[in-house]
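Since the structure comes first, as structure tokens, the remarks are kept for the end.
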Amino acid sequence: MTDDTVIEAPSTKDHKLGNEIIVCRDVKKWFGDFQALCGISTTVREREVVVIIGPSGSGKSTFLRTLNRLEPHDEGTIIIDGVELNNDLRNVEKIRSEVGIVFQQFNLFPHLTIERNISLALTHVRHLKKSAAKELVVSLLERVGIPEQIDKYPAQLSGGQQQRVAIARALAMQPKIMLFDEPTSALDPEMIKEVLDVMHELAESGMTMVVVTHEMGFAKGVADRIMFMDEGLIVEQGTPAEFFEAPKEDRTKLFLSQIL
Amino acid sequence: MTASSRPEQRLPGAAALLLTILSDERFRRYLFQAIFAAVVLVFGYVLIANIQAELEGIGLEIFPFVNTKGSFPFIDISSDFLGQRAGFSIDQRSFGFDYTANDSYFRAFLTGLLNTIQVSMIGIVIATVLGVVVGVSRLSSNWLVSHVAMLYVETFRNIPLVVQLIFWYVAVFLKAPKIGDSLDFFGIAFLSVRGLALPEAHGTSGFGTWAIFVLLAIGAAIAVRYWLTRRQDETGRPSYPWWSAAGTFVAIAGVSFLILGTPMDIDSPEVGQFRYAGGMTIKPEFTALVFGLTIYTASFIAEIVRGSVLAIPKGQTEAAEALGFSGSQRLRLVILPQAMAIIIPPLTNQYLNLTKNSSLAVAVAYKDLFDVGNVTINQAGQAVPMVALLMAAYLSLSLTISAIMNTIYGRLKWRSAR
Amino acid sequence: MEVSQIMTAASRPIAPSLPPHVVAYRWTRANLFSSPGNAVLTFVTVVILGFAAYQGSSFVFATAEWEIVETNRGLFFTGRFPRDEFWRIWIALHGIAALSGLSWRLWGSLNLRLPLIFAAACVPLYILMLEGWPLLWTSTCIATFGAAYFAAWPIRFSRFSETARNVTVGLWILGFAAAMLPTALYPSFLPGQGGLFSHVPDRQWGGLFLTMVLAGVGIGVAFPLGILLAVGRASTFPVIRIFCVAYIELIRAVTLVTILFMSFFILRLAVRHETSVLGIPITGYEVSVVFMAMLGLILFSAAYIAEIVRGGLQAVPRGQVEAGQALGLGGVQVLALIVLPQALRAVIPALVSQFISLFKDTSLVFILALTDLLAIARIAPAQPGFIGDHAEALIFVALIYWVVAFSMSRASQQLERNLGVGER
């Protein structure tokens, strides 16, 4: 049923995919009586871009959130960069410092300036000096394209700008893996492109990314592998070419017919 | 599988194991709670043991670190004292509850409790009426009226209740003229420093029968309202269910009253030398307490009413206007029902506050629950059980009011489907 | 569209400005007499107002004897505080003035309305209340305030502003502790039991001074305690949550006077008895009445503050906590840096309202036979020569309470505006 063999995608990038950095074996999770994840097994390699699609309630967001312990999984194992994700708080801390996440609702801190939003974790977790942190903030804002907003407050920015700040904030911790939980679903249509462009650039620079999204254009153009989830299981996965042109499972075909 | 990116731990096995356990999330949770519980329990134990010991005059030290003397202490609240003779009198009595100085402390306690309940009930009713009037005035389009209401609210909200109570008592009602010079209200009521004298109604023979007729009248009125409302809903023509119900009630109750030979006696007060003869005399303590409580609480209720009406989206008024409703129809059918749901929680809070604030009666020498408790503590010296009793009594009162208001709230929510 | 309908702004006729009496007439028509019902209301209200105003002013200016207030000014302000220890109070007032000036410069908005109101309020104070030494010291207080304000002038927008703000907060806490904390830890806290004022027996603290001390300490300690309770109530640890819920619900169900009584009669017993743990005596103090009154006020208010803060905590979206956690911030860091600033900002009006309530509730300590401001109003008319002047004393006291409470509520509105989004 699930296909966990590593897929060697014909990469458009200069660099090939690296070692396995996320390994999931038979991950299950319940919310009370409801089973959200019914046995997910998959691996993600360094520099790979995996896009997860599926109907709502399929468990894609839940799975994404188990990867940095925003939700604890009940059964199965998750190993990130060699560290097992369990109740050991030291492991959780280590993993969280290597995994960044971008939320659908941005979740910027409204009472802090953009600069402070990004530098907060740098000063309080990495214990950087304020001046060093500020330099990093400036370079990150330039990377996402909005260096002039540095002293504003989130409410003064547009949705697209806020999400780009959120990406910068996650990147500030220099993670090895970036998770994206429907990053453009809360944006007005004219702002989706600017965020997708940043994500594209990120992928080109070699970041390992796991993205839950409905943006099929992004999936086709940037993903190395597409994973279709339904009812808590991986139904099918493959390269964009295989996936969109020759889906194997019926459920996949049904889903694709509904969204394309 | 990549090699672990964590640097090798060079700790001895036992220390590493301990660190692993301490880092476990679940373990930490249990440990933290266990420590917290332990601290609370030890603290509580010391507190209680100390109180016990002070009360019994023995020395006590906490085990196991220091020598333990004496047996394991426990709280021994002796409530025998409650049966003892009280020895103090209570002037104000509510609901016809009898009490003399020869009765027990417990009976005194009950008398105080009934006094508190009476003041609270009357206070809640009057404060609500006054508060709604002032709150609606605040929203009036008449500049003068709305600003006078604002003046009212801002004045009485910012002065402590005790100050207001004492003012009413000492500076107003105790300054009333002597009984010989009573203020005369059309010969029906009199006001003096002795109190407010009002006529009292007694039921004579046949009153019981009439009471039954009154109940029947209520039932008939309810039935009439129900049928007429249904007919109004079905035919669409107005059939004035409320007016008809009221009329039915008045008709049945009034006719039966006359037929039974008016079984009620009005006892009118007369000015005597030291007190009023006949009728009922409301003491200045009571009037001061009621005035102070209601005026103070009404200022808060006014703000709640105003806030809840303002909280209703403007679109509601606009829609109602567009549909052709008149001003009073808008208020009655659209605004007030929605306002009700918003009002109830903060209003409940104010009712609870009023009930609790009635304990300030001690400042105006009105023998409410708290004042009786105070006297009992001073006389019998049993502070611990008395304070516990007081807290239990106020707790019960609070819970009762909350329960009543929550049921009303629940039914309102269901009906307004919000 | 007809040509005549196309009008440029310049060619559109300007409405003629009306003579003032026409404006006044129209306003009166619209606001007071817009309908027959309204006209009746206006008429009735005017009659009632006129009657009340007549009675009120005839009382205030004719029948009332205000000498009771004038003669007893000292009593109202400080109770039976010994005159030769007044310097303690003046030190405290100067300290507060200096820190207030600093704080206002570093945090406040820059409009001029507040200082004008303040200046206007000083005038009656000077004329009616002060003479001799108090006049001098009050002036120096105001001067200190101004000096601190202008001394901090350049700092506000410089790069030291953040440090300066932290320093000021530290100074407030330090000053608070120095004034109020017991100077001797054991074996006894008496007689006055509070840092700067410890040499004066607590029964002699009185008047407005006592009221302010009770309110200040009450607010200062109940606020953080309330926050702790609210956080505990929202905690995922069942033991802590149940404890906090039980405490909050129990306290909220009973009256303040009961808690004051409980604190005075029962807690005092517990603290008085000697207990030692590991040979260190942890209880066994005689505690003062003022201490017990403060404790009662604090325990009572903390429960209500906790409920208010709880509302604020619920207003912070869960995503904020997740974002903080995902960035690697620890639980306490997430709480202090992300959740609490947002939660507290959301409930400022309700919080300040509770502080005002606490201030008003200090008047209840009269049941413990403490001579606070209200109690003075009760005993002053017992003096020979002033017998029966209850109303004058009470009105004066009511006025003081009203001024403080009203100022606090206005200040809270100002605070809300200052802390709005985009401003710090």
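Data for the structure
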| read-out | value |
| --- | --- |
| Length released on extending from B:D265 to B:T204, taking residue separation times 0.36 nm less the Cα-Cα span | 21.3 nm |
| Near-label residues of segment B:129-164 by backbone N, under 18 Å of a point 7 Å along Cα→Cβ of C:L49 | B:134-156 |
| Cα-projected label distance for A:S257 with B:A277, points at 7 Å along beta-carbon direction, nm | 10.3 nm |
| Translational diffusion of the protein assembly as shown, µm² s⁻¹ [Kirkwood Rh, Cα pairs; Stokes-Einstein; 10 °C; 1.306 mPa s] | 45 µm²/s |
| Fraction of the pair-distance distribution of segment B:84-141 above 14 Å, Cα-Cα pairs, percent | 62 percent |
| Solvent-accessible heavy-atom area per residue, rounded to whole Å², over segment A:82-142 at 1.4 Å | 41 Å² |
| For chain A, convex hull of alpha carbons as volume per residue, Å³ | 134 Å³ |
| Under 20 Å from the Cα of A:K130 - aspartates and glutamates, other chains or at least 8 residues apart | A:E115, A:E142, A:E148, A:D151, C:E162 |
| Placed amide H near A:I234: partners under 5 Å, 5+ positions off or other chain | A:S41 |
| Extreme residue, positive dipole direction of the protein assembly as shown, given options A:V212, C:A230, C:Q55 (C-beta unit charges) | C:Q55 |
| Computed label-point distance, nm, for sites B:R231 and B:A211 using a 7 Å Cα→Cβ extension | 3.4 nm |
| Charge dipole (debye, nearest 20) of chain B; +1 at Cβ of Lys and Arg, -1 at Cβ of Asp and Glu | 1420 debye |
| Shielding score for C:324-336, defined as the mean number of other chain Cβ atoms within 10 Å | 6 |
| Listed residues B:L41, B:L347, B:L397, most fluctuating in chain B (Gaussian network, C-alpha, under 10 Å) | B:L41 |
| Pairwise FRET efficiency - A:E142 versus A:N87, Cβ, R0 = 56 Å, nearest 0.05 | 0.90 |
| Cα-based Kirkwood hydrodynamic radius, segment B:176-227, one decimal, Å | 14.3 Å |
| Semi-axis lengths (Å, descending) of the ellipsoid that matches the C-alpha gyration tensor of chain B | 52, 39, 23 |
| Virtual spin-label span in nm between A:K16 and B:V193, 7 Å along Cα→Cβ | 10.8 nm |
| For residues of B:161-171, the mean tally of beta carbons on other chains within 10 Å | 6 |
| In the A-B interface, the accessible area buried, summed over both sides, Å² (probe 1.4 Å) | 1200 Å² |
| Potential lengthening between B:L19 and B:L310 on full extension [0.36 nm per residue; Cα-Cα distance subtracted] | 99.0 nm |
| Sites B:S402 and B:F185, calculated FRET efficiency, Cβ-Cβ separation with R0 45 Å, nearest 0.05 | 0.70 |
| Residue with peak Gaussian network fluctuation, chain A [Cα springs, cutoff 10 Å], from A:L171, A:L128, A:L120 | A:L128 |
| Folded to 0 to 90 degrees: helix A:159-171 orientation relative to chain A principal axis, Cα | 90 degrees |
| Heavy-atom accessible surface that B and C bury in contact, both chains counted, 1.4 Å, Å² to 100 | 5200 Å² |
| Cleavage-rule hits (chymotrypsin sites (Phe, Trp or Tyr not before Pro)) in segment B:268-350: DSSP loop, at most 14 neighbouring Cβ within 10 angstrom | B:F274 |
| Value of relative contact order over chain A, rounded to a whole percent, pairs C-alpha under 8 Å and six or more apart | 27 percent |
| At R0 = 51 Å, FRET efficiency that the Cβ-Cβ distance of C:V123 and C:E286 yields, to 0.05 | 0.65 |
| Farthest positive-ward along the protein assembly as shown dipole, Cα basis, beta-carbon charges - from B:M405, A:A132, B:I35 | B:M405 |
| Approximate shape of segment B:236-375 as ellipsoid semi-axes (Cα gyration tensor, √5λ), whole Å, largest first | 40, 31, 12 |
| Peptide B:391-398 - average C-beta neighbours from other chains (10 Å radius) | 4 |
| Among C:G218, C:F145, A:T239 the positive-end extreme of the charge dipole of the protein assembly as shown (Cβ point charges) | C:F145 |
| Percentage relative contact order, segment B:313-409, counting C-alpha pairs under 8 Å, at least six apart | 25 percent |
| Alpha-carbon Debye profile of segment C:302-424, log10 I(q)/I(0) at 0.13, 0.15, 0.18 Å⁻¹ | -0.70, -0.81, -0.98 |
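The values are calculated or read from the model by the stated rules, or taken from the named source; none is laboratory data. Note that the structure is predicted; figures quoted are calculated from it, not measured. Note that we place each Cβ from the backbone using ideal geometry, even for glycine, and neighbour counts take in every protein chain shown. With ligands, DNA and RNA removed, areas are computed over all heavy atoms of the protein, side chains included. Shrake-Rupley method; radii C 1.70, N 1.55, O 1.52, S 1.80 Å.
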